[in-house]
Structures are given as structure tokens and as C-alpha cells.
Amino acid sequence: MNCGVVVFPGSNCDHDVYHILKHVFGLETKWVWHKDRSLKGFDLVVLPGGFSYGDYLRAGAIARFSPIMDAVINYAEGGGRLLGICNGFQVLVESGLLPGALMRNRSQKFICKPVHLRLENHDTPFTLGTQSGAILKIPVAHAEGNYFADPETLKTMNEQGQIVFRYCNPEGTVSEESNPNGSSENIAGIANTRKNVLGMMPHPERCADPLWRDRDGQVIFKSLIKSYYS
Amino acid sequence: MVPFHPMLAKVHITLKNGVLDPQGKAIHSALNQLGFEGVSNVNLGKYLEITLDTMPEMEAKKKVREMCEKLLANTVIESYQITLVP
């Protein structure tokens with residue numbers, strides 16, 4: 001399984017996800033510079049977290065026009081597995097590969113803390129290693145994670161099983177109190193209709209190293225490996 | 001010969017109606033706390049000044065609209081208003 005980690009100017013979680021893919025899971029992993037134009041041969045491409053282009057204009061708005069993005073769009077449209085984490089998720093919504101938009105947190109604050117997520121759909125290559133309803137503890141670190149989509153889009157997404165993670169409390173209850181950033185319907189992560197593209201605000205790469213106590217992020221990477229070999 | 005007159009496009013980008021504007025709300029409450037009365041709403045947006053080479057106004061407007069659609073505004077949540085100043 002060949003993995004590519006795209007590096008934009010300002011990416012800062014690229015090394016974390018590279019470490020998890022390459023050293024924890026032993027996957028063939030390569031850097032992809034934002035000026036490259038090809039994603040040939042990759043089985044998984046990750047758009048990592050960070051502050052691409054300093055979040056100028058809007059988070060992800062300028063990275064979305066990086067030279068590599070034509071290849072990213074072609075790769076996704078061809079069914080390639082594409083994971084966008086945090087800033088990577090912001091790039092995915094800006095590029096139109098995923099619906100909706102990510103706005104400034106309701107609290108106006110940068111939020112950096114572990115949160116609980118309820119898995120809403122295990123029928124994706126990113127989540128098939130666990131069951132819908134599972135509760136994962138994964139950290140968030142963002143200022144623009146407030147997911148917005150109009151009611152019609154939300155309805156379609158619910159019907160199509162595109163909502164993959166929602167913020168919940170430790171018991172798995174999705175409520176206003178467990179919503180850290182004001183996201184519509186507590187949405188923390190979504191997929192496209194084909195389920196080969198996943199965007200999520202929480203950082204699974206920050207809790208996937210076996211040396212750490214919290215390892216729930218491993219579910220995402222294990223699922224991708226399982227899906228590749230099945 | 002027509003002298004060279006750069007044209008200025010003023011672009012205002014604001015959140016669409018119905019999209020919650022937490023920054024506007026925070027500013028509104030700060031104004032209230034400072035004792036400014038009679039403020040019923042505050043919306044925060046972005047303002048850009050784009051200097052264009054000389055070109056017909058129609059063409060300038062079309063060009064700036066394309067810029068807004070493609071990059072400057074996220075039309076999922078934002079609307080834009082263009083004013084051209086010769």
C-alpha cells in the first residue's frame with residue numbers, strides 16, 4: 001500500500017501523519033510537494049493539518065489552487081482514497097470535493113483538546129474496522145472547524161450516509177454541550193457519496209502511536225489497511 | 001491617446017443571510033458593553049481593493065465577478081458586492 005502525504009507551505013501535521021503511516025504501520029510512504037503534478041501509484045493520499053498559506057483569505061482557499069490540486073481532484077474522481085485532516089478537510093471543502101464549508105468556531109477561540117466522536121457510518125474504507133455507534137476519543141486543534149451546510153445539503157448527506165463522525169459526550173450522546181465549535185448537527189467528519197474521500201477536523205494521527213495512551217486514531221489507519229487488502 | 005487610468009474594484013464580502021456570524025455577534029455585544037446604544041446588528045465581512053489595468057467597465061465587472069466566484073468568496077457561505085471606481 002503506497003501512501004502520499006501532500007505538503008503545502010504551512011502544513012504542520014505532515015510529519016505526524018508520515019510517522020504514523022511509515023513507522024507505526026510500516027506502509028510505503030512518500031512526500032508529495034504541492035508543486036508536484038502527479039499522484040500516480042498512490043493507494044492513499046493524505047492532505048495533512050496545518051495552516052497552508054497562513055490561512056490567508058479563508059482556511060484552505062489558496063492551497064486549493066496549488067499545482068498538485070488538479071491531480072488530487074483527478075485522483076479522487078478516479079476513486080482514489082483521499083483523507084483530509086483539519087486543514088486538509090478545509091482544502092477539500094474549498095475544492096468542492098466535499099460539500100459545505102468550515103467557518104470560524106462559534107466561540108471565536110482556537111480549540112485544542114481531546115473530544116469524543118460517535119462513528120455514524122462504518123461502511124467506508126476509513127472506518128470499516130469498527131462499528132457504527134463506536135465512541136472514539138481524538139483531539140481537535142482548530143479555529144475554523146464550524147461545519148456549515150444548508151438544510152437541503154444536510155438532508156442529502158444524512159440520506160447518503162455521508163456523515164461519518166459527530167461530536168458527542170463520553171457516553172456517546174450527541175448534544176449541544178458536546179459540540180465544541182458550533183458545527184451543524186455536531187458534524188466532525190464527512191465523506192463524499194462514493195465514500196473514497198473523507199474529511200475530518202479531529203486529528204487521528206495525534207493518537208495512533210502505540211507509545212501513547214490514547215490510540216483511538218489507529219482505527220482510521222487500520223481500516224484503510226484492511227480495506228486495501230480485502 | 002487615452003491616458004492610462006488604473007481602475008479600482010472595491011469588493012465587499014459578507015456572510016449570507018442565515019449564516020451565523022459569531023464575530024459580528026461578539027462585536028455587537030462589545031459595543032453594547034461600551035454603552036453604544038441603538039445597535040441592532042453587526043456583520044463582519046472582508047473588504048478588498050483590486051487595482052485593474054485600463055479596460056472597459058463591462059469587462060472589468062465580468063473579470064472581478066469571476067475572481068469572486070473562483071477565489072475571493074466562498075459562495076456556500078458568503079455573498080459579494082462589487083463597486084468599480086474609475
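Across chain A, the mean sequence separation of Cα contacts (distance under 8 Å, 6 or more residues apart), normalised by length, yields a relative contact order of 20 percent. Counting Cβ atoms of other protein chains within 10 Å of each Cβ in A:20-29 and taking the mean gives 0.
The Rg/Rh ratio for region B:7-85, using Cα coordinates for both the radius of gyration and the Kirkwood hydrodynamic radius, is 1.11. Under 20 °C and 1.002 mPa s, how fast does the protein assembly as shown diffuse according to Stokes-Einstein, given a Kirkwood radius computed over C-alpha pairs? Answer in µm²/s, whole number. Translational diffusion coefficient: 103 µm²/s.
Placing unit charges on each Cβ (+1 for Lys and Arg, -1 for Asp and Glu) gives the protein assembly as shown a dipole about its Cα centre, and among A:38, A:119, B:39 the Cα reaching farthest toward its positive end belongs to A:38. Checking the Cα-Cα distances for A:155/A:222; A:113/A:155; B:16/B:61; B:16/B:46; A:155/B:62; A:137/B:16 against a 24 Å cut-off, the pairs over it are A:155/A:222; A:113/A:155; A:155/B:62; A:137/B:16. Checking every one of the trypsin sites (Lys or Arg not before Pro) in chain B against DSSP loop status and a limit of 15 other Cβ atoms within 10 Å picks out B:16. Taking every alpha-carbon pair under 8 Å whose residues sit at least 6 apart, region B:7-85 reaches a relative contact order of 53 percent.
Between residue B:49 and residue A:15, how high is the FRET efficiency from 1/(1 + (r/R0)^6) when r is the Cβ-Cβ distance and R₀ = 35 Å? Nearest 0.05. After rounding to 0.05, the efficiency reads 0.35. Rounded to whole numbers, the Karplus 3J(HN,Hα) couplings from phi for region A:50-66 are x, 9, 4, 6, x, 6, 4, 6, 8, 4, x, 5, 8, 4, 4, 9, 4 Hz, using 6.51 cos²θ - 1.76 cosθ + 1.60 with θ = phi - 60°, and x at Gly and Pro. Once the Cα atoms are used to define both axes, helix B:57-67 deviates from the longest principal axis of chain B by about 50 degrees. Taking the square roots of five times each eigenvalue of the Cα gyration tensor of region A:47-146, the equivalent ellipsoid has semi-axes of 23, 21, 10 Å, listed largest first.
Among the DSSP beta bridges whose two residues both lie in chain A, what percent are antiparallel, rounded to the nearest 5? Intermediate values should be presented prior to the final figure.
Numbers: 22 of 39 bridges.
Taking every DSSP beta bridge with both residues in chain A, the antiparallel ones total about 55 percent.
Mind grabbing the interface size between A and B? I mean buried accessible area, both sides, 1.4 Å probe, in Å² to the nearest hundred.
Details: alone 9970 and 6570 Å², together 15290 Å².
By this definition, chains A and B bury close to 1300 Å².
At what distance in angstrom do the alpha carbon centres of region A:188-207 and region A:169-186 lie from each other? So the two Cα centres are separated by 17 Å.
For chain B, the longest principal axis of the C-alpha atoms and the axis of helix B:22-33 are separated by about 60°. Of A:41, A:50, A:100, the residue with the greatest mean-square motion in the GNM of chain A, using alpha carbon springs below 10 Å, is A:41. Overall, chain A carries a charge dipole of about 360 debye about its Cα centre when +1 sits on the Cβ of Lys and Arg and -1 on the Cβ of Asp and Glu, all other atoms neutral.
If both residues of a DSSP beta bridge must be in region B:7-85, then about 100% of such bridges are antiparallel.
If you run the Gaussian network model on chain A, springs between alpha carbon atoms under 10 Å, then out of A:92, A:39, A:211 the most flexible one is A:211. Annotation for region A:102-195: chymotrypsin sites (Phe, Trp or Tyr not before Pro) lying in DSSP loop with at most 13 further Cβ atoms inside 10 Å of their Cβ are A:110. Per-residue ellipticity at 222 nm, computed for chain B from helices alone with -39500 (n - 2.57) per DSSP H run of at least four residues, works out to -8000 deg cm²/dmol. Within 10 Å of the Cβ of each residue in B:72-78, the mean number of Cβ atoms contributed by other protein chains is 6.
Under 25 °C and 0.890 mPa s, how fast does region A:110-226 diffuse according to Stokes-Einstein, given a Kirkwood radius computed over C-alpha pairs? Answer in µm²/s, whole number. Walk me through the intermediate numbers first.
Values: Rh = 14.2 Å.
The diffusion coefficient I find is 173 µm²/s.
For region A:127-230, GluC sites (Glu not before Pro) are listed when DSSP marks them as loop and at most 11 other Cβ atoms sit within 10 Å of their Cβ; the list is A:171.
Note on chain A: with neighbouring protein chains present and a 1.4 Å probe, carbon and sulfur make up 49 percent of its accessible heavy-atom surface. Relative to one another, the C-alpha centroids of region A:17-33 and region B:15-43 are positioned 46 Å apart.
The values are calculated or read from the model by the stated rules, or taken from the named source; none is laboratory data. Quick caveat: nothing in here was measured; it's all calculated off a predicted structure. Positions of Cβ are backbone-derived with ideal geometry, glycine not excepted, and every protein chain shown enters the neighbour counts. For the accessible areas, the whole protein counts, side chains as well, though only heavy atoms, and no ligand, DNA or RNA atoms are used. Shrake-Rupley method; radii C 1.70, N 1.55, O 1.52, S 1.80 Å.
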